[in-house]
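The values are calculated or read from the model by the stated rules, or taken from the named source; none is laboratory data. Model, not experiment: these values are computed from the prediction. Note: ideal-geometry Cβ built from the backbone for every residue, glycine included; neighbour counts use all protein chains shown. Calculation scope for accessible area: heavy atoms of the full protein, side chains included, ligands and nucleic acids excluded. Shrake-Rupley method; radii C 1.70, N 1.55, O 1.52, S 1.80 Å.
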Amino acid sequence: LVLDGPVDAIWIENMNTVMDDNKILTLANNDRIPMLRPNVTLHFEVEDLRNASPATVSRAGIIYISEADLGWKPFVATYVDKRTKDGAQLRELFDKYCDTMLGFVKRECRPKMQIAELSLMTTCCTLITALLSDLPEAPGPEALERFFIYAVIWSIAGVLESDDRAKVDKCLRNMTNNLPEAAAPDTVFEFVVDETSGSFDWQHWGSRIPSWSFGGSDLAGEFAALLIPTIDSVRNEFNMDLSVKQSRPVLLVGGPGTAKTACILQVLSKLDPATTGYKKLSFSSATSPLIFQRHIEGCVEKRQGRTFGPPGGKKMIVFVDDFSMPEINAWGDQITLEIVRQLIEYVGLYNLDKPGEWKSIVDLLFLGAMLHPGGGKNDIPNRAKRHFHVMNVTLPSVASINQIFGSMIRAKFSPADKEKVPEVWTASEKLVDMTIDIWNMVKAKMLPTPAKFHYIFNLRDLSRVFQGVFMADEHVTIKTETVLLQLWKHECMRVFSDKLVDHNDKGWFATSIDKVLETHVGAAKAAKLKDETFFVEFLREQPEDVETGELLPAPKIYEPVPTVQDVRTRAYDYMAKFNESFKLLKMDLVLFNDAIGHVMRISRVLAMSRGSALLVGVGGSGKQSLTRLCAYIANHLLFQITVTRMYNANSLLEDFKPLYRRAGVQNKGVTFMFTDKEIKDEGFLEYINIFLNTGELPNLFPRDELDAIIGDVGVAYSQEFKGSEPTHDQLWTYFIERVRRNLHLVLCFSPVGVKFRTRAQQFPGLINGCTIDWFLPWPEEALKDVATAQIGSFDRLQGE
């Protein structure tokens, strides 16, 4: 019997009587089962003996195989022997480079993840096979060396940050002249071997970036799905494709907001749907092996006997986001990742419904993305790591960021536009630099501390600023340069300033943004922008239907607010209508200035495609009432769960179903309000986290309901894309896209105590997937306003 996997101290103690002379297994119910006849032996395969007691160790013979004993050379020798054409040349290249490079990376650089040498060499050989497999003719010795160097830098030096990459470049230049001419900051990492030309020369990645243009109509609505190609994305895609073609799983590691997920989704979107499907999963600290196994079983069907595979005889790529998040148990093992390893290594799982039955699951390939290990973030088990081609994704350079947002600005304010206003179009070109400036200032000054753990400013925040700017129409609203700059300032305040937790930080931000404006547009124009202008989209009146006299929904136009009083009047109108419609939920709010500010903020998030909000404030600061009002203003259905004694995770999923139908099938807006009082079980947040990351909850609908939904969505799909014949998967993706666009989560949490902090660490989607609005204590005027509203008309106490 081979027992493969980590040992924990409890079950290994039960094996002690089996392994000594008694050879008997004693169970909890006092059954004694004789084990280990003379023809049976036990064989443990473990990474280390941290949890094994001396009693266990003394009963088994221990064979320790160290990394240095065998090393990587036997593996490479076997690989080279298999290649008849170029084996001899490759052997020389391995001897020339690999020892030096492995030693150099170990001594001089700081890899972002510790990986065994053998695993790096396996990846290296995979890349060489992939690079040389599709060539029109065999490369000469120099060209072969170029391909070899490319494979070495992306395997052995694949997990380094930019400054270490420059060191590797230097080291290589001392070993060979067969490298491209590169001016700093470029290194050999910015080049690829051009496999299309006959001479296989080096080619700069910049020349391979495809041009991008926006073909849709609504830039803000489709914003979340846009991917602008840059050097980093094109290069990572190319390297991932190499491994995927050789069926080697890939793992991307990188800081938050470095577009790991976007990069993998780009690779998935280019697959041929006729032969390959894909599935997105998202891990969190509550993902158990059971959840993972049910996920996998949900996306395969029976082929023959005990063999299962993706439906329709296709291959399937499974993408796991936040791969390192599953919790580390008391013995220091991540059991969820051990089952992933088992599935990759043994190509199957044990059937949970019939104990002991083995299910082979074929044609699956895993891609993963995770944050850098260290600093409170987990690593993954070494035995799982060795199956992956691990690549570090660096932060995009300023040039790349300029290219991404510059392309979008040109798509919105297109130079070819007939009706363009010259001053607006000129100002729009400054927005990217201004945003990067303020972003860098905030990143340098607002550092995370235990009390302000959510001060993480990454590329996601940059893109939220632009998504907000694109919500305004460039012809109707943005008629002057001032309006554009006011809009830009408003979006920066929403994205950066609303996160900040006290008046000092907010004050610092306000002065910083004024400085940035002065630098870029001059003091005179900046002075006009000192006062904050709000933008909302619910100021327009409701038009009447001429024939029936009914009120139609008001048009939504994102525009500047003349005065706060106008918004207040409008909000009171909506509140009166709300109280007429819902007599039981009657609201009697006093909308002082702060409250109106929050109404405008929440409305802005509900108006965005995939907009979800995280409202943080102490109990009684008005988070829920204001959300109710905003949902009514936005014409959304507001849903809140009713917690009973029997309420559990399945009840939560049942509650999600009608919301999915309304958002995905009927294409109507839904706001789901969820407060921290309703978290009966931390597992609820696992589902919220999955929803914020992928929008797709595991096994939400049974087969029959799923087919009904696909049927209903098919009608809408054929109206939107006339003449196309969608597959089942395309319709499902379309349904999930609509759900993500229309179903908005509003999470109302209290910052008091440690719970909020631990939740945010365990479920990263809560911070990454939401726009944060931090409620400060009410100012004195607010208290006066409320008091006046409550007892202002009460005049009996006024003496003579």
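Would you tally the net charge around Ala259, using a Cβ to Cβ cut-off of less than 10 Å, leaving Ala259 out, and scoring K and R as +1, D and E as -1? Don't skip to the end; give the middle numbers.
Numbers: positive: Lys260, Arg460; negative: Asp232.
Around Ala259, the charge tally is +1.
Work out, step by step, the length gained on full extension between Glu725 and Asn178: first 0.36 nm times the residue separation, then minus their alpha carbon distance; give nm to one decimal. Working shown, then result.
Numbers: separation 547, 0.36 × 547 = 196.92 nm, distance 5.07 nm.
Gain in length upon complete extension: 191.8 nm.
Work from the charge dipole of segment 659-757 (Cβ charges, +1 for Lys and Arg, -1 for Asp and Glu, about the Cα centre) and give the residue of Ala708, Leu731, Asn667 farthest towards its positive end.
Result: Asn667.
Using 1/(1 + (r/R0)^6) with R0 = 56 angstrom and r between the beta carbons of Asp31 and Lys784, what's the FRET efficiency to the nearest 0.05?
My answer for the efficiency is 0.15.
Once fully extended, how much extra length lies between Arg110 and Lys452, figured as 0.36 nm per residue of separation less the alpha-carbon to alpha-carbon distance? Write down the numbers at each step before the final one.
Details: separation 342, 0.36 × 342 = 123.12 nm, distance 2.86 nm.
Net length gain for the segment: 120.3 nm.
Which of the listed residues, Thr627, Pro658, Leu692, is farthest toward the dipole's positive end in segment 566-711, when Lys, Arg count +1 and Asp, Glu count -1 at the beta-carbon?
Value computed over the given set: Thr627.
Residue by residue, what Karplus-based ³J(HN,Hα) values in Hz, rounded to whole numbers, does segment 421-436 have, using 6.51, -1.76 and 1.60 with θ = phi - 60° and x for Gly and Pro?
Coupling constants for segment 421-436: 9, x, 5, 5, 5, 5, 5, 5, 6, 7, 4, 4, 4, 5, 5, 5 Hz.
Would you please state which residues of segment 584-622 a label at Lys755 would reach in this model, taking the label point 7 Å out along Cα→Cβ and a backbone N cut-off of under 12 Å?
Counting only backbone N, you get 619.
Per residue, what accessible area does segment 6-117 have, given a 1.4 Å probe and all protein chains present, in Å²? If you can, show how the numbers build up before the last one.
Values: 7740 Å² over 112 residues.
Each residue of segment 6-117 exposes 69 Å² on average to a 1.4 Å probe.
Take the alpha carbon atoms of segment 752-777, find their center, do the same for segment 550-579, and report the distance between the two centers in whole angstrom.
Centre-to-centre (Cα) distance: 30 Å.
Let me know the charge dipole size of the chain about its Cα centre in debye, to the nearest 20, where only the beta-carbon of Lys, Arg (+1) and Asp, Glu (-1) is charged.
On the way: 89 positive and 102 negative charges, 154 e Å.
It comes to approximately 740 debye.
Please give the Cα centre distance for segment 456-490 versus segment 69-91, rounded to the nearest Å.
57
State to the nearest 20 debye the size of the charge dipole of segment 636-681 about its Cα centre, where the only charges are +1 on K and R beta carbons and -1 on D and E beta carbons.
On the way: 7 positive and 5 negative charges, 39 e Å.
Taking the Cα centre of segment 636-681 as origin, the dipole is about 180 debye.
Please work out the FRET efficiency for the pair Phe582 and Val618, using the Cβ-Cβ distance as r and a Förster radius of 25 Å; give the result to the nearest 0.05. Spell out each step's value before the answer.
Details: r = 26 Å, r/R0 = 1.06.
That pair, Phe582 with Val618, gives E of 0.40.
Under a 5 Å amide H to amide H cut-off, with H placed in plane at 1.01 Å, what residues pair with Ser282 once short-range neighbours are removed?
Asp321
Would you work out which of Pro326, Pro310, Ile296 lies farthest towards the positive end of the dipole of segment 268-347? Charges go on Cβ: Lys and Arg +1, Asp and Glu -1.
Pro310
Among Lys623/Lys755; Lys412/Lys515; Lys112/Lys499; Lys452/Lys506; Lys443/Lys506, which pairs are too far apart, with a Cα-Cα distance over 23 Å? Write down the numbers at each step before the final one.
Values: Lys623/Lys755 18 Å; Lys412/Lys515 26 Å; Lys112/Lys499 29 Å; Lys452/Lys506 13 Å; Lys443/Lys506 14 Å.
From the list (Lys623/Lys755; Lys412/Lys515; Lys112/Lys499; Lys452/Lys506; Lys443/Lys506), the Cα-Cα distance tops 23 Å for Lys412/Lys515; Lys112/Lys499.
Based on DSSP H runs of at least 4 residues, each adding -39500 (n - 2.57), what is the mean residue ellipticity at 222 nm of the chain after dividing by all its residues, to the nearest 500 deg cm²/dmol?
Numbers: 31 runs with 362 residues, N = 800.
My calculation for the chain gives -14000 deg cm²/dmol from helical runs alone.
Where nothing but the Cβ of Lys and Arg (+1) and of Asp and Glu (-1) is charged, how large is the charge dipole of segment 410-532 around its Cα centre, in debye to the nearest 20? Let's see the in-between values first.
Working: 19 positive and 18 negative charges, 49 e Å.
Magnitude of the dipole: close to 240 debye.
Please compute the modelled spin-label separation between Asp81 and Lys556, points set 7 Å along Cα→Cβ, answer in nm with one decimal.
Distance between the two pseudo-spin positions: 6.7 nm.
At a 1.4 Å probe, what is the % contribution of carbon and sulfur to the accessible area of the chain? Before the final figure, lay out the partial values.
On the way: 20260 of 38190 Å².
Here it works out to 53 percent.
FRET efficiency for Glu541 and Glu357, Cβ-Cβ distance as r, R0 = 51 Å, nearest 0.05?
Working: r = 67 Å, r/R0 = 1.31.
So the FRET efficiency works out to roughly 0.15.
Which whole-Hz couplings ³J(HN,Hα) result when phi for each residue of segment 500-509 is put into the Karplus expression 6.51 cos²θ - 1.76 cosθ + 1.60, θ = phi - 60°, listed in order with x for Gly and Pro?
Calculated HN-Hα couplings, in order: 6, 9, 8, 5, 4, 4, 5, x, 4, 5 Hz.
Please report the spacing between the Cα centers of segment 687-715 and segment 256-307 in Å, no decimals.
15
To the nearest 10 square angstrom, how much accessible area does Lys96 have with a 1.4 angstrom probe?
90
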